[in-house]
Amino acid sequence: MSNEHHEHKLPFWQKYLFSTDHKTIGIQYGVTSLSFLLFGFFLMMLMRWQLAYPEQAIPFIGKFFGEDRAPGGVMVPTFYNELGAMHGTIMVFLGVVPMGVGCFGNLIVPLQLGAPDMAFPKLNMASYWVFLVGGLTMLVSFFLPGGAANSGWTAYPPLANFATIGQTVWILGMVFLITSSLLGAVNFLTTIIQLRAEGLTFMRLPFFVWGQLITSLLLLLAFPPLEAAGILQLMDRVAHTSFFLPSGLLVSGQPLEVSGGGSVLLWQHLFWFLGHPEVYVILLPAIGIVTEILANNIRKPLWGYKTMVYSVIFLGFMSFIVWAHHMYLTGMGTAISAFFQATTMIISIPSVIVLTCLAISLWGGSIRFNIPMLFTLAFIPMFAMGGLTGLPLGLAAPDVYLHDTYYVIGHFHYVVAPGVIFALFAGIYYWFPKFTGRKMNDLLGHLHFWPTLVLMNCIFFPMLLQGLAGVSRRLYDGGATYAHAQGVLHMNEFVSISAWILGLAQIPFILNLLWSMVKPKNVDSDNPWQSTTLEWQTPTPPGHGNFKELPVVYRGPYEYSVPGASEDFTPQNIKDIK
Amino acid sequence: MDVIPYTVEERKDTGVFNAKLGIWLFLASEVMLFGALFSTYVILRIGAEHWPHGASLLNVPIGTFNTAVLITSSVTMVFSWTSLKENNFARFKNFLGITILLALLFLVVKSFEYGAKFEHHHFPKESTFLAIYFTLTGLHALHIIGGIVVLTYFWGPGSKMWETQADRFTNRIEIVGLYWHFVDLVWIFLFPILYLL
Ligand code: HEM
Ligand SMILES: [Cu+2]
């Protein structure tokens with residue numbers, strides 16, 4: 001049921017390559033960022049070898065890394081640092097965020113708004129291509145002398161000031177990525193505010209759109225300070241200024257030949273001013289996805305929609321004044337610490353409210369346990385685990401002990417891996433039929449879901465324990481040379497093996513995705529999940545311009561099981577209940 | 001259905017057309033960019049043991065002259081837009097042309113200032129003050145250059161739109177005008193901070 005007669009006859013390159021259609025761009029973002037996620041995952045699997053078996057040659061592939069990185073196949077410390085920095089950077093800026101915003105935002109937002117496209121289609125295209133250039137810049141930097149950036153994804157000075165040329169290219173890559181996200185943010189905000197269908201008031205927006213709205217606002221306002229910081233670091237590295245170099249700094253016992261007068265803390269403030277909102281940029285699209293799927297599969301109205309909306313608005317504002325909880329150990333002073341720990345405790349409230357609303361919504365629903373719903377249901381406790389383990393880090397006193405340990409790694413990975421990544425998987429399984437006319441295979445879905453859920457916990461729970469024992473993060477040998485790490489050292493092997501099996505557990509997903517694209521169409525409804533929101537009221541797949549005629553909205557987003565209705569769902573564009 | 005609504009006319013409940021909202025959002029992000037850099041200036045200056053008086057290193061009369069140039073260009077920018085509103089395309093061309101020339105004049109003067117500094121071997125790495133000076137004015141100059149490119153496009157090939165979609169073209173000029181005033185405003189902050197304080 002496609003609306004072919006709406007299709008313009010476009011040449012191939014315009015239809016699939018330099019397309020301005022939000023759906024094509026969304027898919028471009030999706031393919032690109034899934035590839036980057038996989039690549040970031042490979043880097044991590046290499047790191048896990050070094051942590052489990054320090055000083056041992058990497059089997060099979062070790063000899064391909066060259067004498068600089070792995071003489072005799074044994075990883076050198078700078079190579080580990082390179083892998084770590086690039087794993088973080090790639091996962092965050094090239095994987096999760098472009099997947100949540102660039103892919104799902106692009107695909108779904110205009111459809112849920114009842115809009116023919118994004119407000120600025122050409123900017124949209126530009127945003128993707130600038131993103132791709134930024135990503136490729138990051139990849140190319142692996143081939144530079146000295147390799148890619150190796151000062152962590154946070155690029156703290158003074159270390160980053162003296163790092164190899166890869167760090168300069170990292171900054172350039174970031175400038176591209178920031179530009180891309182700026183174009184995207186302007187576009188999403190304008191689209192959501194201006195292109196809502198007739199009758200689609202703000203309080204009738206699907207929660208996913210709310211998530212994207214706040215996300216874009218954060219991207220718009222939080223990224224520029226990092227760009228400023230990047231420019232300053234670029235000046236430090238290229239023009240030898242001292243923005244981040246204090247007076248009297250000694251390097252290897254020698255005083256530096258620089259003017260001095262800079263501040264290392266300045267970088268941290270600018271970085272975390274982005275860094276904390278970035279957490280919500282990662283999280284909110286995911287929360288949006290699981291909310292849609294949950295509402296659809298409980299077959300009753302969401303509990304507390306308005307509360308959730310006000311919570312994310314509040315959360316958006318608060319996320320600008322919590323950043324220095326990443327800096328308790330820098331000696332910025334107890335008064336400042338006290339302020340930021342208060343705001344941090346406050347910001348945890350709206351997140352808890354949102355999760356609580358989702359959990360309460362389950363109560364009394366006739367839940368359908370399909371694959372998207374399984375991932376969604378797993379998201380809730382996994383994300384809760386990440387959130388709760390974050391509380392001690394938000395308080396200055398326990399953070400003195402926990403800061404920069406594996407506890408932190410365990411904490412935020414609970415949020416981003418079994419949390420956000422699960423939501424992204426859920427979204428793929430859920431919306432796949434809309435754009436292809438095919439449902440993904442259930443059996444393969446189960447083979448993907450269950451091992452992934454178990455293994456994620458096998459990986460990240462031990463990290464929490466190691467961190468509680470005091471093992472530092474970013475250790476090249478996983479703690480082997482530290483006395484206090486000996487008791488928990490044996491976990492490294494278990495974690496690493498789990499991580500590699502986790503890699504294998506993604507094979508059913510990859511096969512499912514590829515096979516489902518080519519297998520015969522097996523969905524003949526435009527609305528196979530019997531959903532209420534507008535993206536399902538289009539032809540499958542939606543043609544250029546999306547709707548046969550622009551819809552008019554008469555009701556809220558989640559009118560399931562309305563008394564008196566003949567079916568258990570009432571789409572937003574239905575005027576009278578039959 | 002593939003015509004995007006509100007590209008020209010305003011949406012009733014929001015009171016703006018798409019690009020107008022877009023440019024305001026973009027400028028909000030620019031405020032954050034320059035805001036972060038101005039904060040950097042404040043933080044480094046507070047922490048510094050000694051900070052040179054701007055006038056002792058920079059040429060205040062030239063800076064004042066350049067400030068006047070930019071303010072004038074903002075005024076001519078407004079006139080070029082109102083000319084379109086009054087359907088006077090020829091006058092629009094004149095005023096936009098003057099705006100571009102003034103912007104170029106600003107850059108020429110600025111590059112002479114830079115040149116004089118380099119000639120006396122004053123480089124960004126010499127002191128925090130000079131580092132800030134070159135970074136901030138350099139970034140501002142990049143914004144001017146970007147503006148010149150866009151303005152020149154609308155003065156030349158882009159102005160053809162006037163014949164086919166006059167309203168839309170007028171909107172576009174209003175939008176770049178907003179950007180241009182912003183760039184002007186940034187300088188109005190930069191000038192006293194760097195030259196006078
Ligand atoms: C199952 C998948 C993943 C595993 C097993 C994993 C594992 C790891 C490990 C072992 C480290 C290094 C710890 C250290 O040496 O200090 C690390 C660091 C990091 N990971 Fe992951 N990771 C995974 C997925 C992700 C995802 C999805 C994201 C982001 C959204 C992410 C973001 C980061 C960041 C930001 C760092 C810090 C890098 C730095 O120290 O600069 N990871 N991860
Ligand atoms: Cu934070």
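Taken together, the values in this text are just the output of simple stated rules run on the coordinates, not laboratory data. Being a predicted model, the structure only gives us computed values, none of them experimental. As a convention, Cβ positions derive from the backbone with ideal geometry for all residues, glycine included, and neighbour counts pool all protein chains shown.
Below is a table of values for the structure above.
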item: Phi to ³J(HN,Hα) by Karplus 6.51 cos²θ - 1.76 cosθ + 1.60 over the stretch A:93-101, Hz, x for Gly, Pro; result: 8, 10, x, 5, 5, x, 5, x, 8
item: Reachable aspartates and glutamates from B:LYS12, criterion Cα separation under 16 angstrom, eight or more residues apart if same chain; result: A:GLU198
item: Calculated FRET efficiency for the pair B:LEU142/B:VAL75, C-beta based, R₀ 25 Å, to 0.05; result: 0.60
item: Kirkwood-Stokes translational diffusion coefficient of the stretch A:202-305, alpha-carbon pairs, 25 °C, 0.890 mPa s, µm²/s; result: 146
item: Peptides A:291-300, B:122-131, A:143-152 ordered by average Cβ neighbours within 10 Å, highest first; result: A:291-300, B:122-131, A:143-152
item: Restraint check, A:LYS306/B:LYS20; A:LYS300/A:LYS519; B:LYS93/B:LYS160; A:LYS548/B:LYS160; B:LYS85/B:LYS160, Cα-Cα greater than 22 Å; result: A:LYS306/B:LYS20; A:LYS300/A:LYS519; A:LYS548/B:LYS160
item: Cβ-derived FRET efficiency at R0 22 Å, A:GLU198 paired with A:SER525, nearest 0.05; result: 0.30
item: Cα→Cβ-extended label distance, 7 Å offset, between A:LEU250 and A:ILE497, nm; result: 4.7
item: Modelled FRET efficiency - R0 25 Å, A:GLN506 with A:LEU136, Cβ distances, 0.05 increments; result: 0.60
item: Least to most buried among A:SER366, B:SER29 (fewest other Cβ within 10 Å first); result: A:SER366, B:SER29
item: Chain B, Cα convex hull volume normalised per residue, Å³; result: 140
item: Karplus 3J(HN,Hα) series, Hz, for the stretch A:421-427 with 6.51 cos²θ - 1.76 cosθ + 1.60 (x for Gly, Pro); result: 4, 4, 4, 5, 4, 3, x
item: Cut-off under 5 Å, modelled amide H: who pairs with A:THR405 long-range; result: A:ARG473
item: Positive dipole terminus of chain B, leading residue within B:ILE71, B:TRP24, B:ILE193 (C-beta point charges); result: B:ILE71
item: Gaussian network model of chain B, Cα within-10 Å springs - most flexible of B:LEU70, B:LEU178, B:LEU44; result: B:LEU44
item: Other protein chain Cβ atoms within 10 Å, averaged over every residue that makes up A:221-230; result: 5
item: Within 10 Å of each Cβ in A:183-195, the average number of Cβ atoms from other chains; result: 5
item: The stretch A:238-379 - Rg (one decimal) and Dmax (whole number), Cα, Å; result: 22.1, 70
item: Check: the protein assembly as shown dipole with +1 on Lys, Arg Cβ and -1 on Asp, Glu Cβ, in debye; result: 900
item: Inter-probe distance in nm under a simple model that places probes 7 Å from Cα toward Cβ, at A:ILE346 and B:PHE123; result: 4.7
item: Segment B:ASP167-B:VAL60, length gained on full extension (0.36 nm per residue, minus Cα span); result: 34.3 nm
item: Cα extents of the protein assembly as shown along the three principal axes, largest first (Å); result: 77, 76, 49
item: Isotropically averaged projected area of the stretch A:491-546, using the convex hull of Cα atoms (one quarter of hull area), nm²; result: 6.6
item: Average beta-carbon neighbours from other chains, 10 Å sphere, peptide B:7-18; result: 3
item: Residue of B:GLY138, B:GLY115, B:GLY63 that the Gaussian network model of chain B assigns the largest fluctuation, springs spanning Cα pairs under 10 Å; result: B:GLY115
item: Under the Karplus curve 6.51 cos²θ - 1.76 cosθ + 1.60, θ = phi - 60°, whole-Hz ³J(HN,Hα) for the stretch A:387-392, x wherever Gly or Pro sits; result: x, 5, 5, x, 4, x
